[in-house]
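Asker: I have a structure I would like to understand better, so I am pasting it below and will then ask my questions one at a time.
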Amino acid sequence: MNRPSRDAAIGVAFRRSLVVIGVVAAVALVVVLVRLLGAPPPPEIPEADVDLSGLLANERQPTPTPAQFRDITRTAGIDFVHQNGARGDRMLPETMGGGVAWLDFDNDGDQDLLFVNSDTWPFARDPAAPRPRALYLYRNDGTGRFSDVADEAGLGAAAFYGQGVAVADFDADGWTDLFVTAVGENRLYRNLGGKFVDVSAAAGVAGGADTWSTSAGFFDHDGDGWLDLFVVNYVQWSREIDLEVDYRLAGVGRAYGPPTNFRGTQSYLYRNNRDGTFTETGAAAGIHVSHAATGQPVGKGLALVLVDFDEDGDLDVVVANDTVRNFVFLNHGDGTFEEIGIAAGAGFDRNGLATGAMGIDAAYFRNDDALAVAIGNFANEMSSFFVAAGGSGQFSDETIIAGIGPASRAALTFGVLFLDYDLDGRLDFLQANGHVENEINRVQAGQQYRQPAQLFWNCGAACRQPYVLVPPAQTMDLAQPIVGRGAAHADLDGDGRLDLVLTQAGGAPLLLRNETPISHRWLRLQLVGRAPNTHAIGAEVRLEGPDGAQRRTVNPTRSYLSQVELPLTFGLGAATSVGTLTIRWPDGTEQVLQGLEPDRLHVIHQP
């Protein structure tokens, strides 16, 4: 705004203030005259004639269901502790943590756990000390107890600076394979009947030795049925660049800083060649985004979610970028994309600013066709909650309207998740929080390095705002302050309630069993697609109920560096039976099911 316009605005405000002052003075004068002249007071209104219940009704909101999440990490057999190699040099990758994935790697029907570890730095490594292993795989015995089977599964010897993980059956043999991102070359592990083999080089997906990849996801981007791979890259980084940037905080000295002064990168898009190999097609497919003036890459990606936001049957890609605008890649269905983040209203926040975007998730949160894309942001920034009417392809930032804004401002949020923790038929919202600077409290009294996760209860149409923060005192061990990073959900013990795992940077994860006492019934579905898409990635399920239609997409890629389980969970609330279920399989065919029995997992095969 220029100087004359500012002066004009000040003048208008001053004149309005005079008017307000005049009105107040006139009212006060009338009151004084009435009292001085002894005018009779206004007649009293009988109390029985005053009914404020209608006015107060809108202020009464349902209270959230207390969430009982119990920490069972050690008792369940999980002894993994993330190592980031921190030795005081304050290298940027040390702040990012590692991902986690729920997967059934041995096809026994139980959800197993894979954790991604990082590494020591070559410049500070003790040659006599063993390097940390990169992958920890825990087999679930079906009751929620786990045993470390990385060695026997062929993953125990790997050592590299790991970041995120993506899971899918890329070779159509019915077994879940692994792709792991890293600071440096990425890894692809083919699952040969419960035993993994590193096929990264042969498959052509290792990437560059100087690349920093973060999140990744498998999906069929070109409609041929085979699963392709989208890999998000962060910034151009090396120890030398980090030392040259030399971010510092007063009173602390060298510190962990934002990626503002690091150059951006282009992501990878690998097309599945149907023979166990991939071809990188990012530039030709239209996912490379560069500055018009400099030609330098724009993206500083940390997470992605795959969602058909324009409802044309093709999965689109939304990328959360750190300190630069977010990307929305519109899938044309022919192997090409168009980046429309700004035009779609999801590039910037409600103030038109780029945020420190970390994790991301998407869901139909109102049991209608309104799609929300939620993004966890840096401290002192509200989380972003973009909402688009069904198929409109146009988002608006409704963070405050949704009830998430003020409570999320103080937190530094990484992983975000939609899940129905109390099985009432409405998707709730979770944030995994934790700062990046371990001495932040020395310079910002209101900030802590370790922060509790936040759980927002979806109270539906009964509330003015759909989401209400569940008080930390009502979330049990979920309220433990941690350096939270990845977050993922699964039903680890078969009771229908979704359990959680949260990872930490430089610490042990939290495995949280959902013990919320509820009487709501539920339905779980595991879809088995026709080869080559055996896990039915991209299938959409619609469950009709008395409060609308619940919609879910088979897509484990969400949160931050992590993967949720493949089976879908529907809370039935007070309903005693399952309504009509419609499955739109990835090839576009539809299947309608009725009369499914509640309170159990149904395995549905594509006709």
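Asker: What angle do you read, to the nearest 10 degrees and between 0 and 90, between the alpha-carbon axis of helix 3-37 and the longest principal axis of the chain?
Answerer: 40 degrees
Asker: Pull out the extension gain between Ile342 and Val603, defined as 0.36 nm times the separation in residues minus the alpha carbon to alpha carbon distance; nm, one decimal.
Answerer: This chain segment gains 89.9 nm when fully extended.
Asker: Can you give me the pair-distance distribution of the range 368-428, C-alpha pairs, 10 Å bins, whole percents?
Answerer: 23, 47, 28, 2
Asker: Something else about it: Could you tell me the largest-minus-smallest coordinate of the C-alpha atoms of the range 121-279 on each of the three principal axes, in descending order and whole angstroms?
Answerer: 55, 39, 31
Asker: Report the one residue of His535, Gln163, Asn433 whose Cα lies farthest in the direction of the positive end of the charge dipole of the chain (charges on C-beta: Lys and Arg +1, Asp and Glu -1; origin at the Cα centre).
Answerer: Asn433
Asker: Considering Cα pairs under 8 angstrom that are at least six residues apart, work out the relative contact order of the range 88-210 and quote it in whole percent.
Answerer: 20 percent
Asker: Subtracting the Cα-Cα distance from 0.36 nm times the residue separation, let me have the gained length for Arg530 to Glu590 in nm, one decimal.
Answerer: Taking 0.36 nm per residue and subtracting the Cα distance, the gain is 20.2 nm.
Asker: Under a Cβ-Cβ cut-off of 11 Å, what is the net charge of the residues other than Ser392 that fall near it, where Lys and Arg count +1 and Asp and Glu count -1?
Answerer: Value of the local net charge: -3.
Asker: Moving on to the next point. Subtract the Cα-Cα distance of Ala159 and Asn261 from 0.36 nm times their separation in residues, and report this length gain in nm to one decimal.
Answerer: Length difference between fully extended and current span is 33.8 nm.
Asker: From the list [x] 27.8; [y] 41.5; [z] 34.4, can you say which value of mean projected area of the Cα convex hull in nm² was derived from the structure given?
Answerer: So the calculated entry is the one marked [z].
Asker: Further question on the same structure: In the range 426-449, whose amide N lies under 17 Å from the spot 7 Å out along Cα-to-Cβ of Asn380? List them in ranges.
Answerer: Residues 434-449 qualify, since their backbone N sits under 17 Å from the label point.
Asker: On to the next question. If Lys and Arg each add +1 and Asp and Glu each add -1, what is the summed charge of the other residues whose beta carbon sits under 12 Å from the beta carbon of Ala172?
Answerer: Cβ neighbours under 12 Å give a net charge of -4.
Asker: Per the helix-only calculation at 222 nm, which mean residue ellipticity applies to the chain, given -39500 (n - 2.57) for every DSSP H run of n ≥ 4 and division by its residues, nearest 500 deg cm²/dmol? Could the numbers behind the result be given before it?
Answerer: Working: 8 runs with 68 residues, N = 607.
Using -39500 (n - 2.57) per qualifying helix, the result is -3000 deg cm²/dmol.
Asker: Here's another thing I want to ask about it. Just want to confirm a number: the relative contact order over the range 355-425, from Cα pairs under 8 angstrom separated by 6+ residues, in percent. Numbers along the way, then the final one.
Answerer: Details: 145 pairs, mean separation 22.4, N = 71.
The normalised contact order for the range 355-425 reaches 32 percent.
Asker: How are the Cα pair distances of the range 435-589 distributed, in percent, across 5 Å bins from 0?
Answerer: Calculated over all Cα pairs of the range 435-589, the distribution is 2, 8, 13, 16, 19, 16, 11, 8, 5, 2, 1, 0 percent.
Asker: Right, another one. Hey, can you rank 438-447, 98-107, 568-577, 383-392 by average C-beta count inside 10 Å, highest first?
Answerer: The packing order, highest mean first, is 98-107, 383-392, 568-577, 438-447.
Asker: At a Förster distance of 35 Å, what's the computed FRET efficiency of Ile400 paired with Val443, Cβ-Cβ distance as r, to 0.05?
Answerer: Taking R0 as 35 Å, the efficiency between Ile400 and Val443 is 0.80.
Asker: I've got another one for you. Can you find, among Gly204, Leu302, Tyr364, the residue farthest towards the positive end of the dipole of the chain? Put +1 on the C-beta of Lys and Arg, -1 on that of Asp and Glu.
Answerer: Leu302
Asker: How high is the relative contact order of the chain, given as a whole-number percent (alpha carbon pairs under 8 Å, six or more residues apart)?
Answerer: RCO, the chain: 14 percent.
Asker: Report, in debye and to the nearest 20, how large the dipole of the range 116-266 comes out about its Cα centre when Lys and Arg carry +1 and Asp and Glu carry -1 on their Cβ. Don't skip to the answer; put the middle values down first.
Answerer: Working: 12 positive and 21 negative charges, 138 e Å.
Value, rounded to 20: 660 debye.
Asker: Please identify which residues in the range 243-268 have an amide N closer than 11 Å to a label point set 7 Å out from the Cα of Ala124, following the Cα→Cβ vector.
Answerer: Inside the label zone: nothing.
Asker: Given the range 90-191 reduced to its alpha-carbon atoms as identical point scatterers, what log10 I(q)/I(0) does the Debye formula return at q = 0.24 Å⁻¹?
Answerer: Debye output, listed in q order: -1.33.
Asker: Give the calculated FRET efficiency between Val252 and Ala574 to the nearest 0.05, with a Förster radius of 60 Å applied to their Cβ-Cβ distance.
Answerer: In this case the efficiency is close to 0.65.
Values in this text are rule-based calculations from the coordinates and carry no lab data. Just so we're clear, the structure is a prediction, and the values are computed from it rather than from any experiment. Quick reminder, even Gly has a Cβ in these numbers, built from the backbone with ideal geometry, and neighbours come from all protein chains shown.
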